[in-house]
1. Using a 7 Å offset from the Cα along the Cα-to-Cβ direction at both ASP10 and LYS35, what is the distance between the two label points in nm, to one decimal?
2. Count charges around TYR61 for me, please; just the other residues with Cβ under 12 Å from its Cβ, Lys/Arg as +1, Asp/Glu as -1.
3. Which one, GLY13, GLY183, LEU49, is farthest towards the positive end of the dipole of the chain when Lys and Arg carry +1 and Asp and Glu -1 on their Cβ?
4. Please give the charge dipole size of segment 120-183, origin at the Cα centre, charges +1 on K and R Cβ atoms and -1 on D and E Cβ atoms. Round to the nearest 20 debye.
5. Per 0.36 nm of contour for each residue apart, how much would the distance between LEU78 and ARG138 grow if the chain were fully extended, relative to their Cα-Cα spacing?
6. With unit charges on the beta carbons (Lys and Arg positive, Asp and Glu negative) and the dipole taken about the Cα centre of segment 12-212, which residue among GLN153, LEU110, ALA73 sits farthest to the positive side?
7. For PHE201, PHE108, what's the fewest-to-most ordering of other Cβ within 10 Å of each Cβ?
8. Any chance you could run the full-extension gain for ARG180 through ALA28? It's 0.36 nm times the residue separation minus the Cα-Cα distance, nm to one decimal.
Amino acid sequence: MTSISNNYADYFGSWALIAGASEGLGEAFAREIAKKGINIILVARRKELLEKLCSEISQKYQVKTKAIQLDLASADVLIKIKTETDNLEIGLLVYNAASCPIGLFFHFDLQQQYKVIDINVKGPMIFTHHFGQLMRNRGKGGIILLSSLAGLQGYPYNTHYSATRGYTMNLAEALWYEMRKYGVHVMACVAGATNTPNYVFSKQKSRSHKSKTNGSI
Ligand SMILES: NC(=O)c1ccc[n+]([C@@H]2O[C@H](COP(=O)([O-])OP(=O)(O)OC[C@H]3O[C@@H](n4cnc5c(N)ncnc54)[C@H](OP(=O)(O)O)[C@@H]3O)[C@@H](O)[C@H]2O)c1
């Protein structure tokens, strides 16, 4: 068996796909994986950021890059992602994006709650199901699903987000067991507070909301 320390691209496969990669933790994953010599596919909505990052990564780490502009909440997400990746060996998948609305559960209508499920639950399930099967057939690969400390227990005012973070954690944990006999590594990244653009924005939003409502969210 190839040693992981020798050649990451041989060990996992030649491409990594990072879903939610235009900034923050997704961008950091992309840079770290590219450093190991794996080609990078970046997925997010903001095309300009993706293209800028692709060109920076390919120059700095001498790997191939590809940007896919896509809303992970869209209904045809699998068709789009298959069209863009079917001829590439995706050996690493990082599902990073999440939606984290802050406020009382009942302040959000069902359409808003469905969107959280599309990005935080359906997205990781679809990507893991699709790419995980291909990895299983190849007998190698790796999947990282972003979760959160907020997934370890109910988190008031982040109620739905926190429930969905529990989903990705349990999905990854159970799949770790199922997939290891096929040579596919699966893990959840249970992140704590990390200084990303989205974290800073959420904190400011939460503070301004509290000041308007005399301390309650
Ligand atoms: N930062 C923290 O303190 C913290 C703590 C615990 C866990 N986490 C977890 O870590 C992960 C990353 O967090 P983050 O702070 O870096 O910010 P984030 O807002 O969760 O992720 C940002 C990335 O996701 C993309 N994205 C968001 N919605 C998308 C959509 N509908 N379609 C396509 N791409 C989308 C954004 O790009 P576009 O806007 O360009 O689409 C951006 O590249 C999340 O899963 C989060 O739950 C973060």
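1. Placing both labels 7 Å beyond Cα along the Cβ direction yields 2.2 nm.
2. That sum, taken over residues with Cβ under 12 Å, equals +3.
3. LEU49
4. In total the dipole reaches around 280 debye.
5. Gain on stretching LEU78 to ARG138: 19.6 nm.
6. Positive-end residue among those listed: GLN153.
7. Fewest to most other Cβ atoms nearby, the residues stand as PHE201, PHE108.
8. Answer, rounded to one decimal: 52.1 nm.
Computed from the coordinates by the stated procedures, all read-outs in this text should not be read as laboratory data. Note that this is a predicted model, so its numbers are computed, not measured. We place every Cβ from the backbone using ideal geometry, glycine too, and count neighbours over all the protein chains shown.
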